[in-house]
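Note sheet for the following structure.
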Amino acid sequence: MLLKTIVLNHREVNFIYYNSSGNKSGRQCYPLKLLYIDKAWYLFRVCCIIKDYRLFSDKKSNI
């Protein structure tokens, strides 16, 4: 799994995020942990733009 390797090696990742209105935007982050909860993948990460922790699901992004 590519994302697991990125998390383990502390590599920066870029992906597309879709908000609740369906608008998409680019995200740049450092993944900290990959989680599987209730049949969905989640990426816990530090956002490079706002310098804060965030949790994204695979249902709203192309992680």
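The values are calculated or read from the model by the stated rules, or taken from the named source; none is laboratory data. These numbers were taken from a predicted model, which means no experiment stands behind them. Cβ atoms come from the backbone with ideal geometry, glycine included; neighbour counts cover every protein chain shown. For accessibility, only protein heavy atoms count, side chains too; no ligands or nucleic acids. Shrake-Rupley method; radii C 1.70, N 1.55, O 1.52, S 1.80 Å.
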Exercise for the section: Show the residue pairs that are 6+ apart or on different chains and have beta-carbon atoms under 6 Å apart, the first residue being within the range 42-56 and on the phi > 0 side of the Ramachandran plot, the second being of a type in the set (Asp, Glu) and exposed (fewer than 11 other Cβ atoms within 10 Å of the Cβ). Expected result: none
Exercise for the section: Could you tell me which residue of the range 14-55 is least open to solvent (accessible area, probe 1.4 Å), considering only residues that are assigned to a strand (DSSP E or B) and polar (S, T, N, Q)? Expected result: Ser25
Practice task
Report, ordered by the first and then the second residue, all pairs with beta carbons closer than 7 Å, sequence separation of six or more or different chains, a first member in the range 7-22 that is more than 14 Å from Arg45 (Cβ to Cβ), and a second member that is in a loop (DSSP other than H, G, I, E, B) and modelled with pLDDT of 85 or more.
Solution key: none
